[in-house]
Structures are given as structure tokens and as C-alpha cells.
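For reference, the structure is listed below as C-alpha cells.
The values are calculated or read from the model by the stated rules, or taken from the named source; none is laboratory data. Treat the numbers as computed from the prediction; the structure is a model and nothing was measured. For neighbour counting, all protein chains shown are included, and Cβ atoms are generated from backbone atoms with ideal geometry for every residue, glycine included. Surface accessibility is based on the protein's heavy atoms, side chains included, excluding ligands, DNA and RNA. Shrake-Rupley method; radii C 1.70, N 1.55, O 1.52, S 1.80 Å.
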Amino acid sequence: MTGTIFDIMRFAINDGPGIRTTVFLKGCPLHCLWCHNPESIAPKKEIFIRESRCIRCGSCFEICPNHAIARQSGRYVTIRETCQECGECLEVCYADAREIVGREVTTGELMQEIERDRVFYDQSAGGVTFSGGEPLFQHEFLLSVLQTCRERGIHTTVDTTGFSSPAVIDSVARWTDLFLYDLKLMDGERHKRFTGVSNELILSNLKRLVENGSAVVVRMPLIPSVNSDRENLRALGTFVANLRMVREINVLPYHATGVEKYARLGKEYPLTDVEPPSWERVHDAVNELKRFFDNVTIGG
Amino acid sequence: MTERVRKLREQSLSAIPRISTERALLATEAMESAGMVSAPVRRAMAFRHILLNKTICINEGELIVGERGPAPKATPTYPELCCHSLQDLEILNTREKVSFRVDDETRTAYRDRFIPAWHGRTVREKIFEEMTDEWKACFDAGIFTEFMEQRAPGHTVLDDKIYRNGMLDFRRKIDESLGKLDFHADPTAFARQEELKAMAISADALVRFAERHADALRDLAAQERDASRKAELARMEEICRRVPAHPPRTFHEALQAYWFVHLGVITELNPWDAFNPGRLDQHLLPFYQAGIADGSLTPDSAKELLECLWVKFNNQPAPPKVGVTAAESSTYTDFATINSGGLRPDGSDGVNEVTHLVLDVIDEMRLVQPSSNIQLSRKNPDEFLKHALRIVRKGWGQPSIFNADMVVEELLRQGKSVEDARNGGTSGCVETGAFGKESYILTGYFNIPKVLEITLNDGVDPRTGKRIGLETGPADSFGDFEQLFDAFRRQMAHFIDIKMRGNQVIERIYADFMPVPFLSILIDDCIAGGKDYNAGGARYNTNYIQGVGIGTTTDSLAAIRRHVFENRTMTVPDLRKSLASDFARDERLRLLLLNKSPKYGNDDDEADGLMRRVFDTFHDCVNGRPNTKGGVYRINLLPTTCHIYFGSVTGALPDGRKAWTPLSEGISPVQGADRRGPTAVLRSAGKMDHVRTGGTLLNQKFTPSVLDGEKGIDNLAHLVRGYFTMGGHHVQFNVVSAQTLREAQRKPEEYRDLIVRVAGYSDYFCDLSKTLQDEIIARTEHSAL
Ligand code: SF4
Ligand code: SF4
């Protein structure tokens, strides 16, 4: 079984209990405007370019078999439409300015990486977290890794948008110890506007998970002028409270760290006019949520 | 903190370090008046002369008395080992960092009295006279350093014997040993007799020294108007009449007894790492419990007493070196280290009430001296670790954390008894020792990357063009990586041989010319054997050579293997040309080496496997070879600040490191080479076989955000426990943002109190050289997701 991942982050301390390794799976059906992992969205490989590292040696230009690199007044510009993501330019780019995001791994290979920090999972009651992208997007691969983790006694967390068929949710839930479940906007229209999809499926899947006894922490990215209004907070708080068995709402204040990554992908950052929320704003939001639901934390 | 302690601490912090001529003068007088006596007796008489005539200093409000100099931070010199030149004094007086004030009187005394008197009679001169030309060539090239050219062997720590025995008890034991001498059967009987006589003189001298304090306290009490201080002074007088002649009975007496002993050791000579009470929490527990039970002590009064002792440590800066340069700033820290926690001799959990009290003292006092560490066993409760980590998080680098179970294992491997091992701990930076029973001498740092540099140049040091190594063949002729590695191994063996030959001679110079009869009283089994500490009298005698730059060496070898021998993207001549020019026209090639090679510190089995080979090579060259004291050589991997000096004499290297920049530090990865976070670093370091060392040093730097809240403490605790599960020896944390450090560099006046972990010790950031500051800033900041 193989899947496409774009990163593995060790010593992840904000993605579930203890010290964890977070595996980022590539591909996501949503297009949230604030996404800080823009390289996670497309299922296919992409080329990442760190302009600031480039020493303009021209080696990539010379080697590219697909003529996807052009020379423009001393600079080397990659024509993304032509690039085949073959990776040949990476080898000769000694400055490490070029990277192919997305690599195929087998279940076995991925498990080997996950096992590396086993000693720290054991110490901290940590484990592995699957994030993305949307990990359910590659659910067959995800399932095979989850099952292997269960066999080997490694705690698993799935960080999901919940946008998936109920059948997939059910099968994944069987092998998952904890869900980090993203809830962004309660208003269906606005949800579609900001993420590209409706939230109906997301809300019903959350309900389904909780009712079937899965452990769930709700995560809410707090984005000024998108979802930090009182109305949304109230609706979200009430919804979660009514589900009863959700463990925690974890508020993640928006930060603009993704901007740099958009540039590396040659994309425009869509949310340029949004500032990170102030501390007061975050606390106001937390207090508002707490009117409906007790266990609200700030994380991320 | 009580008002008293606050004042004493403030005084200690604001006292200006200066050179005191008192000891030099008394030592000179003793030397000049010495008659036909043996070396130990001559040394004991000098010791007595100093203690009987030096100024007695009692500071206002203090509860523990005794200063090494005439006043706090008035720092003595040791002309019998090495005598400062006028130029040295000038540099010490004027240099920006770690300066010592020198007044005109001192200059005159040096010019007219000490320099002429000691010319041709110092240990340092003797050492350089005896060293071979090849030794000197390697020393000058920066292949190794020599610890004993300026300071005496010390590197030892006290156990609990002074809490059970007074000097009079030791006198009795000395007399017993004298009584047992058999002049018919034992050809060394006379030598033993002289040594034992010297010990007796020294023991008496310390008692007299304490009595002189008692007399001074009596006089002060007579003049004192304040009734409560008057009573205090009277009590202190009584204590100084009791200890160290007799064993202490109370907590206060125990601390005062230790302090007199400490002063004795650091007055006799200037031994490395000063001296050290070791497992203070264990030793003090019975006194603490008795005091609490009979009401004579409260947790607060015990803490105040401990804090008074802390001030005493801070009042004694490390004696300044000779042959100093303005650039080389060294440190005021003298490396005394308090051990807390660990195991008891019976193998049970050693954490007790005093352990937590000591941790509170460390936290409140925030002094660079004494340094502190915890000995963490799997048997110790997490609460103990977390208490320490809450202090660590404050970001001034203390306490550092040791794996007590591994320390025991290291000592057992060396053949110590299980009790001696459990009574052991670590001192100096990270060195393992059996407290009260072992002489574990660090003989010098060894520049491993330099050996590789010389291997690539067929035995020639490219910096000077001198041939100092073997002719192992031009590097261009190596057909494969194994040939290169074999040449590297042979060069290493060659340089270790040169270093060890020097060590054997220096060891005898100290044994024959500079015995330490007072220190010998304190370390088993010097009295029983009638043998000096410096001559092999200790129960265990271990010598160390400390390897520096294992990360740099590993990465350099990995890069060569990858690019020259596997991918063949470059040839050896190409590589050598680039290195020779410090990559002047070849930034691209440097980036290849830097970015496209396996690097130690990323849990990459290929790089880490090479690290193990480098480790084995160094280990096999050193480990198990005999010294002259009946013990053997072993290895340590720690740099203190030597990776900077060694870097400054080492040209560009195949890992992409530019010439003259610092080498990797301890067993930490090359600065910036670790890109997979702290768990990957710990995993890489965990692949080293720590048990075959006498200490390794691993530095981890975190920004404060990773350590927020209780969860942050938990994370840190789990990292420590995880690393120790893998057999790690030591880890220490720097918790500070690079931004703060840069700010401190710009505005030193605002950050005078900023303490950072440097190597095995902490120091004031503003006292560090610019290079060292830059290096600390550059150490990878591990930040979480
Ligand atoms: S990945 Fe391949 S096609 Fe794309 S720019 Fe590099 S060499 Fe050309
Ligand atoms: S190979 Fe790398 S450094 Fe050279 S021009 Fe291309 S992107 Fe820039």
C-alpha cells in the first residue's frame, strides 16, 4: 500500500497528547482561504522554490529535461505548467532552493519513520498524528497505517476536516484513538464561500463519530472577519455542547505563517487583509464559547 | 530570601575580582626558607605557613566564614605552578572580559619579588622543558591542549567522610599508618613516612586556621553592639572551635566544616574544578533531620545557611591563567558542582527533603557558582525532575541533568564496587567519578577534526605547512573510503601517542615535585597507603583525554564518502583545492557539502553509524592504556569552550565548515546541521555508546514557547527520560530566544545578569567573547510545530 505524504514532523507537541510525530498526507477537498499548508491541497506533487536561497548558478536550467526553467535577466524562473516534477533539478541545486513537495511512501516505510520516536511516545503517552491536507482523502492508505499502528500499540490521532463519506468515517474511526476535528463555520453559505464546500456532511459526520463513541477534540481556527463573530461562536458552542461527549474545544488563533509557502508555490496569498487576532480577541472568543461548553483551550 | 542573604549575595555580585599577592608572598617565603625536607613535607610546611599567616576575613552578617583571599574575590596566585609576567598582569587588568584588577603594589611585588624568586622553579617551566619537540609542535598546532601546565590535577569530589571524621580523627588514622610502616620489608617506607608526616602537618594546619577564625569571631563578638548578631558570632566561634577538628554535630557545623576543607584544598594548590562537596543532599540529611526533630533548625533557617554557603562559592573566582591574551576571556567559574538526587549506596531512591531545599536554593540564588546538576535515576520520582526543570525553564542554564543509572553503569564498567559507584556522580562539566575515592584527571582536549585535516594533507598541517603527522599517503591516492578512514585512524593513534607520552611525564612531575598532602587526607586510600593523591594514592586513578568535534568529524567524513567515493561528484584534488582556499571561489561546492550530505543529529543511520566509527576509533586509541599511577586512560567527549579555540586553528573542512570557525560542541550536532528537531538529535546522540566514556555533553537549546506551562515541563521531562532510556549520559538546556541574545549583544549593559549555558557550565552572556556569543546564538533553536 502506498500513499503520498508531504512532510513528517517529529516532536509535534500540539497535535494530541504527549510527544508525537505528525504525518502530513497530501490532498484536500477543501480550499480554505486561510490554509497555512497550501502545498497540502493538491493531491499531486508540486515544486517548491525558495527564492531567497537561490545563488543563481543556473544548474537547474541546464539540467531540466523538460525546458521548464527560463532565464530572465539573470534569474531562473520555473514555468510550473511545463514542470513535470521529475526532481532532476533538485539534485543539482546545491543551495537547496528547490524541493518537490509530495513523495510516495509505502506503509512499511512510513511505519519505520513513525517507529523512530517510539521511546518518546512511550515516555509521554504520545503517538502519531495524521494530518494534511485531509488524511481521509487517502483513506485506504490511512487505514492500512492506522491498523499497523494499532497492532504495534502506537496511539493514533487523526486531524480531519470531516469532509468524507460516512462509510469512510466509520471505517477509520474503528482504528483511530482520537480525532482532532476541525469546525470552522456553522453557517452553510459562509462555509461554502470560505472553504469551497458545504458544512452539512462535516456536521453530520461529527455527530456520527461522537455517537459511535469516538474520542473527539474539536479544533476551531479563529480567523478575524471570517469566523470570530459572536453568532458563529454561539452556534458552534451550542452545537458542540449538544453533542455531549466532545472532550474539548481547542481554539487555534489564526497566524499568517503560510504566506511564505504561497510564494514558494508561486501562488498568491488569498487572505492578505486579515491580521492575526489580538490576545483580547482570542480570550473574548474563548469566553463566549465557554458560555456553552466548559472545556475550551487555546492551542496551536 | 532573607535580608541577610540578599545583602551577602549583592555584595558578592558587586565585589570586583582582583589579584591578591598574599598567597604568592607566603608561598615565596616558604619556598625560600625550606630546608632539607622531602617534597611532601615542604609542601605541607608551605600550606601551614599560608594558613597560619593569611588574613582572616569575616564579612558582615555572614554565617559561614572563611575566604581564600583576604577579601571576597581577592584572588590568589600560585607562583609555584606558574608565575604571571608583568604583561600578563597588564592584560588581566585591562581586558574587557573576565578581568582582574591589579594595583601598583601587586605589580611591584611581582617585578621585585615573585618573578625573580620563581624564575626557573615553576612546574610550568619544568613541564615545557621536559616536553619533546614533537609534543610542542602538536601543542602549538592545536592538536591537543594540556590541562596541567597551569593548574594542578584535581578533578575530584568529596564523599561523606568529613561528616563522620574531624581532622583529629584523620590524625589518628595517619598515626596508625605511620605505626604500621615496615622499614625492613618495604623499600618505600621512608617515602610513605614523609607523606604521612606531611598529611599530619596539613591536618593540624587546617585546625589552626579554623581556630584563628574562632579568635577573630570572639573579638568581633566582644565589640558587637547588636545583641542578636553578638549571639550569632558567639555561636559561630563555638562552631569554629569544634570543626573541622571534630566531626560536625549540626547542620551549621556540617556546612562550616565543609567550607574549611574546601578552602584548604583550593589554598594548597589551584586544582582543576576547585573542590566540590558532591552529594550534599545525602550528606546533610542526617543533620537536617536531627535539627528539625530537636527544633534547632527550620526549613527556612536551613535554607539560609545553605545560601550563605552558596555566596562563599561565588566569592572565589577561578584563578586567572598566565600567558593570557586579551581575546581569550576564559571564565570566573571554577566548576564546583553540587550534585542532587541520584541513588543511595544501597541502590534506593536518593531524593530527600534536602534535595528539594537545595533546588530551591539554586533557584533563589541564581549564581554561576557553585554550578549545579541533578542526578536522575529511573528510581527518582518525576516530581524531582520537574522541580529541576522548572528552574531550567527560567533560562539561565542550571541545573544540568545527568543519568544517574548510566553514571553508575560507567563506573561499574571501570571496575568500581557497586557502593563506590552509587556514591559517585559527576563534576566539572560532565565527568563521572567515584566521589571521595577517585582521582579522575582530565589531561587535555583533543582536536579530532584537525586529525582529519592532517590526514587529508598527508601529515602536514596546512595552516603552518609543518609536517607533524605521519606520512599516510597523499589523499588523492586513496582508492576508497576505507583507505582514507584507515589513514585517519593511524594519524589519530600517532597523535594520541604523543599526547600520552607528555602526560606520563607531567604526571610524574606532579607526583615528585608537587604533592598535595592536604587533599590526600580527604581521598581514600591515600592515608592507608601513605601515598600522595598526585602519586597514585587514590583508590582509583583514571586519566581522561577529552575528544572535541565528533559532530564536525562525522559530517566531514560523511560528505567525503558521499561525494568523493560514492557519487563521485568531486575528486579529492577538487576537494582539497576548495578547502585550501576556504571555498573562496567555490560557494556552490560548499553548499553541496553542506546541504547534500548525511549529517549527524538527524537520526540518519548512515551519518550516525559513522559517528560510532569515529567514536570507536578514538576510544580504541585511548581506552585502557596504563597511566603511571596504576590506573588507565579513558575517553570523555566534552568541549568546555575548547571547540572555539580548536576551530580557530582548523581550516575549512569537508562538511562545508569555513576555516577558523568553531567546531561542533560536545556530542551536539554541528551548529545548524540538525534539521529534524530535538527527538532526532537525542536519537542520534543515543546511538553513541555512552557507557564506554567517562562523560558526554549534549546541549539542547529551546525557545521559551516550547516550554510554556505544565505541558512544557512535561515535554521536557519526557525528552530527558526518553534520552536516558536510550543510555544518554547528560543533557542540558538553554532556554532563551536568539532575539534576546542578539539584543544582549547590542546592549550588554542591560543584560549583565543574563546567564546562559556555555558548555558544562553556565556563564554571564556578556562576559563571553563575541565568537562564543555568536556561536551560542547560532546553535539551532528547536521550535515545535
Ligand atoms: S522538476 Fe523536473 S521538470 Fe520540473 S523544473 Fe525540475 S527538472 Fe524541470
Ligand atoms: S540550481 Fe538552485 S541555486 Fe542554482 S539557479 Fe537553480 S534554483 Fe537557483
For the range A:124-153, enumerate the residues that are closer than 30 Å to B:Asp382 by Cβ, of a type in the set (A, V, I, L, M, F, W, C) and open to solvent by 10 Å² or more (accessible area, probe 1.4 Å).
A:Ala125
Being at negative phi, part of a loop (DSSP other than H, G, I, E, B) and open to solvent by 10 Å² or more (accessible area, probe 1.4 Å) narrows B:Glu482, B:Glu471 down to just B:Glu471
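One line per residue, one yes/no per condition, for (1) of a type in the set (Lys, Arg); (2) assigned to a helix (DSSP H, G or I); (3) modelled with pLDDT of 85 or more:
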{"position": "B:Gly712", "(1), (2), (3)": "no, yes, yes"}
{"position": "B:Gly722", "(1), (2), (3)": "no, yes, yes"}
{"position": "B:Val731", "(1), (2), (3)": "no, no, yes"}
{"position": "B:Gln739", "(1), (2), (3)": "no, yes, no"}
{"position": "B:Asp753", "(1), (2), (3)": "no, no, no"}
{"position": "B:Asp763", "(1), (2), (3)": "no, no, no"}
If B:Tyr78 satisfies every condition in (1) in a loop (DSSP other than H, G, I, E, B); (2) under 29 Å from B:Arg235 (Cα atoms); (3) at pLDDT 95 or above but one, which is the exception?
(2)
From the residues in the range A:55-66 that are within 10 Å of ligand 1 (Cβ to nearest atom) and assigned to a loop (DSSP other than H, G, I, E, B), which one is farthest from the other protein chains (Cβ to nearest Cβ)?
A:Asn66
Name the residue, out of A:Gln147, A:Gln112, that is among the polar types (S, T, N, Q) and within 14 Å of another protein chain (Cβ to nearest Cβ).
A:Gln112
Take the conditions within 13 Å of ligand 2 (Cβ to nearest atom) and surrounded by fewer than 18 Cβ atoms within 10 Å (Cβ to Cβ) and apply them to A:Glu115. Does it pass?
no
Name the residues in the range B:51-62 that are surrounded by 22 or more Cβ atoms within 10 Å (Cβ to Cβ) and farther than 19 Å from B:Ala27 by Cα, would you?
B:Glu62
Might you let me know whether the range B:215-237 holds any residue that is in contact (Cβ under 8 Å) with a residue 40 or more places away in the chain, part of a helix (DSSP H, G or I) and open to solvent by 80 Å² or more (accessible area, probe 1.4 Å)?
no
Per the filter on the range A:91-106, residues near ligand 2 (Cβ under 9 Å from one of its atoms) and assigned to a loop (DSSP other than H, G, I, E, B) are A:Cys93, A:Tyr94, A:Ala95, A:Asp96, A:Ala97
So A:Val23 ticks every box in (1) over 22 Å from B:Leu594 (Cβ atoms); (2) open to solvent by less than 60 Å² (accessible area, probe 1.4 Å); (3) assigned to a loop (DSSP other than H, G, I, E, B); (4) within 14 Å of chain B (Cβ to nearest Cβ) but one. Which box is left unticked?
(3)
For the range A:88-112, what are the residues that are away from ligand 1 (no atom under 14 Å from the Cβ), within 17 Å of A:Val23 (Cβ to Cβ) and open to solvent by 30 Å² or more (accessible area, probe 1.4 Å)?
A:Glu104, A:Thr106, A:Gly108, A:Glu109, A:Gln112
The number of residues in the range A:41-54 that are within 13 Å of another protein chain (Cβ to nearest Cβ) and either open to solvent by 70 Å² or more (accessible area, probe 1.4 Å) or more than 9 Å from ligand 2 (Cβ to nearest atom) (or both) is 1
For residues in the range A:77-90 being without any contact (Cβ under 8 Å) to a residue 24 or more places away in the chain and within 14 Å of chain B (Cβ to nearest Cβ), which is nearest to ligand 2 (Cβ to nearest atom)?
A:Leu90
Taking the range A:67-76, which residues are in a strand (DSSP E or B) and more than 10 Å from ligand 2 (Cβ to nearest atom)?
A:Ala70, A:Gln72
Yes/no for B:Gly142 being more than 23 Å from B:Met514 (Cα to Cα), small (Gly, Ala, Ser) and exposed (fewer than 14 other Cβ atoms within 10 Å of the Cβ):
no
Out of all the residues in the range B:673-692, which are within 9 Å of chain A (Cβ to nearest Cβ) and open to solvent by 10 Å² or more (accessible area, probe 1.4 Å)?
B:Arg676, B:Gly677, B:Arg683, B:Gly686
Among the helices (runs of 4 or more DSSP H) contained in the range B:530-622, which hold 3 or more residues that are within 14 Å of chain A (Cβ to nearest Cβ) and either open to solvent by 50 Å² or more (accessible area, probe 1.4 Å) or at pLDDT below 95 (or both)?
B:587-595
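Looking only at the range B:549-594, count every residue that is among the acidic types (Asp, Glu) and more than 16 Å from ligand 2 (Cβ to nearest atom) and tell me the total.
Final tally of qualifying residues: 4.
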